[in-house]
1. Can you work out the base-10 log of I(q)/I(0) for the range 81-188 at q = 0.11, 0.17 1/Å, using the Debye formula on its C-alpha atoms alone?
2. Tell me which residues come under 5 Å, amide H to amide H, from VAL105 once H is placed; ignore anything under 5 positions away on its chain.
3. Between exposed chymotrypsin sites (Phe, Trp or Tyr not before Pro) in the chain, where DSSP calls loop and at most 16 other Cβ atoms lie within 10 Å, what's the longest gap?
4. Take the chain, mark every one of the GluC sites (Glu not before Pro) that falls in a DSSP loop and has at most 16 other Cβ within 10 Å, then report the longest stretch left between them, sites excluded.
5. Positive end of the charge dipole of the chain (Lys, Arg +1 and Asp, Glu -1 on Cβ, about the Cα centre): tell me which of SER184, ASN196, PHE174 has its Cα farthest that way.
6. Take every Cα-Cα distance within the range 142-200, group them into 10 Å bins from 0 onward, and report for each bin the whole-number percent of pairs it holds.
7. Taking the Cα centre of the range 87-281 as origin, sum charge times position over the Cβ atoms of Lys and Arg (+1) and Asp and Glu (-1), and report the length of that vector in debye to the nearest 20.
8. Report Rg (one decimal) and Dmax (nearest whole number) for the chain, counting Cα atoms only, units Å.
Amino acid sequence: MSNQNYLSIYAKSFNWAGFFLPKKTYLKCSALYDFCRVVDNIADDENSIEFKKNKFKDFENNFNQKNFNDPIIKNMWELIDEFNISLKVIHDLFDGVRSDINEKVKLNSKKELLIYSYRVAGTVGLMMAKILKVNKKSSLKSAIDLGIAMQLTNISRDVIEDLKNGRSYINENFDEIKSTIKLSEKFYENSFYSINEIPISFRFSILVARRVYRKIGYKILNKKNFENYEKSGKIYVTKLEKIMETFISIFDLIKLLLVNKNDEYLQHDHFLISEELNLNERI
């Protein structure tokens, strides 16, 4: 399976965590990320809305028609077949990215925020869990949680940048940013214990990714107010911080080994998503 390895270019936090995966699994995860990145880049490039809509439609058609002249599409179909990934999940991802290809994007409710976060990132968490050989339904739903948590972190970090691009996922004030990070914390917490369902050789990598990405939210909260947040620019986790979060993840791994698994899936905010999308049909 060949890939572009966009993971190492665009997603340094995930690429750091990927270091702890077996190479073969890393390559499959990288192929998934390549596909998602290509889709996302269509919405994010600087061409006209009309051009982007046409380009997106062409890519979607090529995917649906299994145009294997495109290695990104070929690799994705191999993953779909090997890991039994539902096509509904792929089309959810398409719907999320398509919603960004407009002159103005505005989310008006928590429900809209969660559905959008599921579509563009919860789907990725679910597909990643399939590649990591997670089978239990409650754990697959928790993988969706982790994806949603990370997207809420992204949204909290990128308020200024998104606004410049005509996108308003949350209101542009620090109280709203803090509230979104608090919401992400619920999803991070709900994802934790189901990591026990991931084969042990993959488990540490996910714990590291979870901790490193969660650190971004903590760093945002440390800005204290919108003025400091705005001045700070895009917030990243430094290499030293990644090393520290990786070390702390060792204790998370020990904690997982000591606690009893909780088979009860916490519904919390998934009911808002389920009003529009049947998650059980996707896992």
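1. -0.35, -0.79
2. Distant-sequence amide H within range of VAL105: ARG167, SER168.
3. After excluding every exposed loop site, the longest remaining stretch is 69-235.
4. On the way: sites that count: GLU46, GLU103, GLU172, GLU264, GLU275, GLU276.
Excluding the exposed sites themselves, the longest stretch runs over 173-263.
5. ASN196
6. With a bin width of 10 Å, the distribution comes to 24, 43, 22, 10, 1.
7. Numbers: 32 positive and 26 negative charges, 127 e Å.
Taking the Cα centre of the range 87-281 as origin, the dipole is about 620 debye.
8. Values for the chain (Cα only, Rg and Dmax): 18.1, 54 Å.
Values quoted throughout were computed directly from the atomic coordinates according to the rules given, and no laboratory measurement underlies them. Remember, predicted model here, so these are calculated numbers, not experimental data. Glycine also receives a Cβ, built like all others from the backbone with ideal geometry; neighbour counts cover every protein chain displayed.
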